[in-house]
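The values are calculated or read from the model by the stated rules, or taken from the named source; none is laboratory data. Every value quoted in this text rests on a predicted model; they were computed, and no experiment measured them. Cβ sites come from the backbone with ideal geometry, for glycine too, and all protein chains shown count toward neighbours. Just so you know, the surface numbers come from the protein's heavy atoms only, side chains and all, with ligands and any DNA or RNA stripped out. Shrake-Rupley method; radii C 1.70, N 1.55, O 1.52, S 1.80 Å.
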Amino acid sequence: MRKILVVGAGQSGLQLALGLQSHGYEVTLMSNRTADEIRSGRVMSTQCMFHTALQHERDLQLNFWESQAPKIEGLGVSVAAPGSHDPGPTQRAIDWLGRLDGYAQSVDQRVKMAGWMETFAQRGGQLVIHGAAVSDLDYFSRTYDLVLVSAGKGELVQMFARDPERSPYSEPQRALAVSYVHGLGPRPEHPDTEAVRCNLVPGVGELFIMPTLTTSGRADILFWEGIPGGPLDVFNGVKDPAEHLSLTLELMEKFTPWEYARATKVELTDAGGTLAGRYAPTVRTPIGRLPGGGLVLGVADVVVANDPITGQGSNSASKCAASYLASILERGEKEFDEEWMRAAFDRYWDTAQHVTKWTNAMLAPPPEHILNLIGAAGQLQPVADRFANGFNDPGDFENFFYEPAKTEAYLAEVVAGA
Ligand SMILES: Cc1cc2nc3c(=O)[nH]c(=O)nc-3n(C[C@H](O)[C@H](O)[C@H](O)COP(=O)(O)OP(=O)(O)OC[C@H]3O[C@@H](n4cnc5c(N)ncnc54)[C@H](O)[C@@H]3O)c2cc1C
């Protein structure tokens, strides 16, 4: 039986460990926290996952929370009108809702990772609670057929060199501030449709709001992404969760009053329901070389970490885990050598490159043709729907998003068919 070590028990590591386990591999999973520590700890993400990524979980019968988690059927965009963040006017220049072909869901990673970790152990997997260091990997690479590093954006990424050609940004592009709340009202425009709402405040940042299933049941997430140094970049050093929430609400009142209107009665889900931070989006070379000469393969965020502005990291982690699982199964009994590792990553990069390209584009101020496209979606429902479904399949943006001529041609085609 082939022996595989998975280091890091997040979306990708657990999905891979459980997937390999179900195919009869002898899997050891190393996590720096126990399931209980994860469950009772701080939130880590907003983890909204779209159809394709959720389907990978269903394929492995890991969709344990599907019936309880809100079914997100729409994705809406609102753009604050110029000057609307000066005290006074509250109008939006743009406001629409696109319909998703397959629903999206967010299950708090505290719930999911803790539950999956327990399942892995119950099914006979070897779970080691230990924060792995490079020296540990050096030792283990000699006793395992394959070592997969799925430790997210933690310190182990240092083993994987940054790929400057695929990493246009060397600094964080947004300051992140998340609050999980109970008591948020529905959007009055679509009270019966669960949706991710993307609120763009030009020159300032973005506010994302989405429903989730958390440790205390259904909740909503308020997630500010602020341009560094701007008016939203004020969460650094705020330790008190209540202060974090009141800052979040103050900023909503000022910059997105239409969202604040439904947030006046919210309260935090729990003391761990807030998160603040920032990181530079980075693509890395996929193979880590250990001091003793062994090789390890990086997984998901370790090798491709995008800014959460497009809500893709967990989706990508699921897609990476599914792609690596297929590569491992296809390898059979042959050695997991450097060539195989590179090929496994390249296969994942076929999908991931689109996520990186789109996410990095969304971090920059939008050019005119994209403003036109987002504006047109307000009048043309098929455009809103296609944009929304791009969150599931970012490769589709190649067809109508980046090049002005393609955007124009697409809009003309929709108008002609309307
Ligand atoms: C604010 C925010 C909002 C987000 N919103 C979304 C969203 O809406 N949709 C979406 O798809 N993505 C979103 N993401 C991104 C998403 O959460 C991540 O990309 C995804 O969780 C990455 O999965 P992963 O398996 O690579 O790593 P992680 O989920 O980070 O898991 C890595 C695990 O490894 C553990 N670990 C670290 N170091 C070690 C070590 N040395 N030894 C052992 N264990 C270790 C960590 O504790 C962690 O449990 C968001 C991220 C942030 C920060």
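If you check Ser314, Ser327 for being assigned to a helix (DSSP H, G or I) and either surrounded by fewer than 16 Cβ atoms within 10 Å (Cβ to Cβ) or more than 9 Å from the ligand (Cβ to nearest atom) (or both), only one passes: Ser327. For Lys357, indicate whether it is more than 24 Å from the chain's Cα centre (by Cα) and either assigned to a helix (DSSP H, G or I) or outside the structural domain of Gly98 (by TED's automatic domain parsing) (or both). For Lys357, the condition - more than 24 Å from the chain's Cα centre (by Cα) and either assigned to a helix (DSSP H, G or I) or outside the structural domain of Gly98 (by TED's automatic domain parsing) (or both) - is not met. Select from segment 13-53 the residues that are open to solvent by 10 Å² or more (accessible area, probe 1.4 Å) and part of a helix (DSSP H, G or I) and write down the one among them that is farthest from the ligand (Cβ to nearest atom). Selected residue: Ser22. Between Ala321, Ala352, the distinction of being assigned to a helix (DSSP H, G or I), in contact with a Gly (Cβ under 8 Å, 6 or more places away or on another chain) and within 13 Å of the ligand (Cβ to nearest atom) belongs to Ala321 only. For Arg142, the criteria (1) open to solvent by less than 60 Å² (accessible area, probe 1.4 Å); (2) away from the ligand (no atom under 11 Å from the Cβ); (3) over 29 Å from Asn199 (Cα atoms) hold in every case but one, which is (1). Pairing each residue of segment 28-52 that is on the phi > 0 side of the Ramachandran plot and touching a residue at least 24 places away in the same chain (Cβ under 8 Å) with any residue that is assigned to a loop (DSSP other than H, G, I, E, B) and more than 9 Å from the ligand (Cβ to nearest atom), provided the two are 6+ apart or on different chains, yields C-beta distances under 8 Å for Gln47/Asp108.
On the given criteria, is Asn236 surrounded by fewer than 20 Cβ atoms within 10 Å (Cβ to Cβ), assigned by TED's automatic domain parsing to the domain that holds Arg92, within 15 Å of the ligand (Cβ to nearest atom) and over 30 Å from Arg142 (Cα atoms)? Yes; evaluated as a whole, the condition is true for this residue.
Within 21 Å of the chain's Cα centre (by Cα) and of a type in the set (Lys, Arg), is that true of Arg187? The answer is no for Arg187. Conditions first: (1) open to solvent by less than 30 Å² (accessible area, probe 1.4 Å); (2) at pLDDT 95 or above. Ala81 passes all but one, so which condition is the exception? Unmet for Ala81, out of (1) open to solvent by less than 30 Å² (accessible area, probe 1.4 Å); (2) at pLDDT 95 or above: (2).
The residue that is farthest from the chain's Cα centre (by Cα), counting only those in segment 255-304 that are hydroxyl-bearing (Ser, Thr, Tyr) and farther than 18 Å from Asp163 by Cα, is Thr264.
Can Ser167 be described as of a type in the set (S, T, N, Q), open to solvent by 30 Å² or more (accessible area, probe 1.4 Å), away from the ligand (no atom under 11 Å from the Cβ) and touching a residue at least 24 places away in the same chain (Cβ under 8 Å)?
On the way: of a type in the set (S, T, N, Q): yes; open to solvent by 30 Å² or more (accessible area, probe 1.4 Å): no; away from the ligand (no atom under 11 Å from the Cβ): yes; touching a residue at least 24 places away in the same chain (Cβ under 8 Å): yes.
Considered against the rule, which asks whether it is of a type in the set (S, T, N, Q), open to solvent by 30 Å² or more (accessible area, probe 1.4 Å), away from the ligand (no atom under 11 Å from the Cβ) and touching a residue at least 24 places away in the same chain (Cβ under 8 Å), Ser167 comes out as no.
When segment 280-296 is filtered for residues that are open to solvent by 20 Å² or more (accessible area, probe 1.4 Å), among the hydrophobic types (A, V, I, L, M, F, W, C) and either at pLDDT below 95 or outside any strand (DSSP E or B) (or both), only Ala280 remains.
Are any of the residues in segment 258-279 assigned to a loop (DSSP other than H, G, I, E, B), over 28 Å from Ile72 (Cβ atoms) and open to solvent by 20 Å² or more (accessible area, probe 1.4 Å)?
No, segment 258-279 contains no residue that is assigned to a loop (DSSP other than H, G, I, E, B), over 28 Å from Ile72 (Cβ atoms) and open to solvent by 20 Å² or more (accessible area, probe 1.4 Å).
Candidates in segment 116-131 are the residues that are open to solvent by less than 20 Å² (accessible area, probe 1.4 Å) and within 14 Å of the ligand (Cβ to nearest atom); of these, the one that is nearest to the chain's Cα centre (by Cα) is Trp116. Of Ala377, Ala326, Ala305, all but one fail to be at pLDDT 95 or above and either outside the structural domain of Ser45 (by TED's automatic domain parsing) or in contact with a Cys (Cβ under 8 Å, 6 or more places away or on another chain) (or both); the exception is Ala377. Annotation note: Cβ proximity below 8 Å between a residue of segment 310-324 that is closer than 12 Å to Leu54 by Cα and a residue that is among the charged types (D, E, K, R) and more than 6 Å from the ligand (Cβ to nearest atom) (sequence gap 6+ or interchain) occurs for Ser318/Glu57; Ala322/Asp59.
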